[in-house]
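Below: the structure, in C-alpha cells.
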Amino acid sequence: MQNNSPSNPSNFPLWRGSGGGYEEDLSFDQTNIWHPYTSLTKPLPTYPVVSAEGVRLKLADGRELIDGMSSWWTAIHGYNVPELNQAAQDQLGKMAHVMFGGITHEPAIKLCQKLVEITPEGLEKVFLADSGSVAVEVAMKMAIQYQHAKGQSQKSKFMTIRNGYHGDTTGAMSVSDPEGGMHHLFAEFLPKHFFVDQPKNRFDETYEEEELAKLDQFFRLNSDKCAAFILEPIVQGAGGMWFYSPDYLRKIRELCDDYEILLIADEIATGFGRTGKLFACEHANVTPDIMCVGKALTGGYMTLAATITTQHVSETICNGEAGVFMHGPTFMGNPLACSIAIKSLELLLNSNWQNKIKGIERQLIKELIPLANALIVEDVRVIGAIGVVEMKDPVDVPKAQKFFVDKGVWIRPFRNLIYIMPPYVIDETDLSKLTQVIIEYVSESNT
Ligand code: PLP
C-alpha cells in the first residue's frame with residue numbers, strides 16, 4: 001500500500017532528486033523554504049509537482065490533478081503551451097535579458113504597443129514592472145509625483161476599499177485590508193491611509209443612494225490629503241472574492257474627478273478576460289488614470305507586470321521637480337518575459353475568448369449555484385471564469401487540500417472560500433470534475 005501523504009512521502013517515482021532523493025529534498029523544503037504565508041516550524045503539506053500540461057498538474061507520485069487555480073490567475077492558456085514554449089526558445093536564442101536603462105528592444109516595444117491598443121482609451125504610457133506588487137508601488141509613486149508636480153504635495157495619502165488586496169510590498173500592503181493583512185504587526189512601519197467600507201451591492205444590483213452618499217462623505221472628509229483612490233475593479237480577489245456593482249465603480253470615478261484625485265485600477269487579477277471583459281473596468285465603462293496589469297500577462301510563464309497611465313499624468317510627472325519618473329528596476333522590460341507576453345496576448349486575442357468565458361460562466365452557474373442551499377454554505381457567486389463557494393466557517397485547508405488531491409483536482413481554498421478560476425482552455429468534462437469535487441466536499445462536510 002502506498003502512502004502518498006505529502007508530509008510523509010514514500011513513493012515519488014518521478015522525483016529526480018539531486019543526490020539525496022525526494023525524502024531529503026522534501027524535508028529541506030519543509031524546514032528551509034518559505035512558501036507563501038507559511039511557517040517553517042509548523043509547516044503545512046506541500047505537494048511535489050514534476051510537470052504540467054494542458055489543464056493538468058502531474059505530481060511526483062504520478063497522479064494527475066485538474067487545475068482549478070490557473071496558478072493564481074496566471075495560466076490562462078494552461079501549461080506547457082507549444083506557442084509560448086516556442087516564443088521563449090526563439091527569444092532565448094537572441095537574448096534572455098538586457099538592461100533597460102539606455103537600451104531598448106523589440107519585445108518591449110511590441111508588447112507596450114499592444115497594451116496601449118487593448119487597454120481603455122487614453123491609457124498610453126507604459127511602465128514595465130517585474131511583479132504585480134511592484135506595478136502597484138509604481139502606480140502609487142506616479143500618483144504622488146503627479147500631485148507633487150501640481151504643487152499639491154500635501155496630497156500624499158491614498159483612499160481605498162476595505163477587504164482589498166494589492167500585494168505584499170510595503171506600499172501595496174499599506175492599501176490592502178488592514179485586518180486581513182495583520183497590519184497591527186507592521187503598524188509602526190506602514191503609512192496610514194483611508195479605508196471606506198466594502199461595496200455592499202452585488203455585481204448585478206444597482207447601487208443604493210444611501211450608500212453612494214456615504215462615498216460622497218468619505219471623499220469630502222479625506223480627498224484633500226489624498227493623491228489617488230486605488231481599487232480592484234468589480235472583483236475584490238484575495239481580500240474575499242467579492243463581486244460588486246459597476247455603479248460603485250462609476251461613482252468613484254465621478255468623485256475622483258470632482259475632488260481632483262487620480263483613480264488607480266488594479267487589474268492584476270481581473271485583467272485579460274477573467275471576468276468576461278478584457279478588463280473589469282469595462283463593466284462600468286470607466287477609464288482609470290492609472291491601470292496595473294500582471295498575472296495573466298505572460299500566460300503564467302514569467303513574472304511581468306505593467307503600469308499604464310495617460311498622457312496628462314505622464315506629462316505632469318515629467319514637468320515636475322524630478323523631471324523624470326523615479327523608478328527603474330534591474331529586470332525592467334525583461335525581453336524573455338516580454339516575448340512570451342506578446343505571444344500570450346496574441347493567443348488570447350485570436351481565440352474566441354468571450355464565448356469561452358461565457359461558456360465557463362454558464363457551467364459554473366448551473367453546477368455551483370445549487371450549493372447555496374447547503375446549510376454550511378453562506379453564499380455562492382460566479383462572474384466570468386470565477387466560481388466562489390463561501391462557507392459559513394473557515395475551511396480546514398490541509399484537510400480540504402488532501403480531499404481535493406485524492407479526488408484528482410487542484411483547488412486551494414483560503415479562509416472560508418472555496419473558489420476556482422480555471423485556465424480558459426478547460427473543457428466541459430474537466431470543469432464538471434472540478435465542480436463535482438467541490439459539491440462532494442460540501443456534502444461530506446455538511447453531514
Ligand atoms: N493586486 C492584486 C489585485 C492581486 O490579486 C495581487 C496578487 O494576488 C497583487 C496585486 C500582487 O501581485 P504579485 O503577487 O504579482 O506581486
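Between a residue in the range 158-171 that is among the hydroxyl-bearing types (Ser, Thr, Tyr) and any residue that is part of a loop (DSSP other than H, G, I, E, B) and within 12 Å of the ligand (Cβ to nearest atom), which pairs come within a Cβ distance under 7 Å, given they are 6 or more apart or on different chains?
Every condition considered, the pairs that remain are THR160/VAL175; TYR165/SER176; TYR165/ASP177; TYR165/GLY237; TYR165/ALA238; TYR165/GLY239.
Would you please list the contacts, defined by Cβ atoms under 8 Å and residues six or more apart or on different chains, that run from a residue in the range 64-79 that is at negative phi and within 15 Å of the ligand (Cβ to nearest atom) to a residue that is acidic (Asp, Glu) and modelled with pLDDT of 95 or more?
Taking only residues 6 or more apart or on different chains, the pairs are ALA75/ASP67.
Could you tell me how many of the residues in the range 57-71 are buried (at least 20 other Cβ atoms within 10 Å of the Cβ), part of a strand (DSSP E or B) and not β-branched (Val, Ile, Thr)?
4
Could you tell me which of the residues ALA269, ALA280 is modelled with pLDDT of 95 or more, surrounded by 21 or more Cβ atoms within 10 Å (Cβ to Cβ) and within 16 Å of PHE203 (Cα to Cα)?
Only one candidate passes the filter, namely ALA280.
Looking for something more than 30 Å from PRO422 (Cα to Cα), more than 16 Å from the ligand (Cβ to nearest atom) and modelled with pLDDT of 95 or more - is there at least one such residue anywhere in the range 125-139?
yes
Would you check if there is a residue in the range 162-176 being basic (Lys, Arg) and either surrounded by 15 or more Cβ atoms within 10 Å (Cβ to Cβ) or within 16 Å of the ligand (Cβ to nearest atom) (or both)?
yes
Considering only the range 140-151, I want to know if a residue exists there that is within 15 Å of the ligand (Cβ to nearest atom), part of a loop (DSSP other than H, G, I, E, B) and surrounded by fewer than 22 Cβ atoms within 10 Å (Cβ to Cβ).
no
Out of the residues in the range 187-197 meeting the condition of being touching a Ser or Thr at 6+ places or on another chain (Cβ under 9 Å) and surrounded by fewer than 17 Cβ atoms within 10 Å (Cβ to Cβ), tell me which one is nearest to ILE252 (Cα to Cα).
Among residues in the range 187-197 that are touching a Ser or Thr at 6+ places or on another chain (Cβ under 9 Å) and surrounded by fewer than 17 Cβ atoms within 10 Å (Cβ to Cβ), the one nearest to ILE252 (Cα to Cα) is LYS192.
Does the range 198-205 contain any residue that is part of a loop (DSSP other than H, G, I, E, B), in contact (Cβ under 8 Å) with a residue 60 or more places away in the chain and either surrounded by fewer than 22 Cβ atoms within 10 Å (Cβ to Cβ) or in contact with an Asp or Glu (Cβ under 7 Å, 6 or more places away or on another chain) (or both)?
The answer is yes; a qualifying residue exists.
Could you please find all residues in the range 283-300 being touching an Asp or Glu at 6+ places or on another chain (Cβ under 6 Å) and under 25 Å from THR206 (Cα atoms)?
Within the range 283-300, just MET291 meets the criteria.
Give me the residue from the range 277-302 that is over 20 Å from GLU346 (Cβ atoms) and assigned to a loop (DSSP other than H, G, I, E, B) and, out of that set, nearest to the ligand (Cβ to nearest atom).
Among those that are over 20 Å from GLU346 (Cβ atoms) and assigned to a loop (DSSP other than H, G, I, E, B), it is PRO288.
The values are calculated or read from the model by the stated rules, or taken from the named source; none is laboratory data. It should be emphasised that the depicted structure is a prediction, and the values quoted were computed from it without experimental measurement. Using ideal geometry, Cβ is built from the backbone for each residue, glycine included, and neighbour counts are taken over all protein chains shown.
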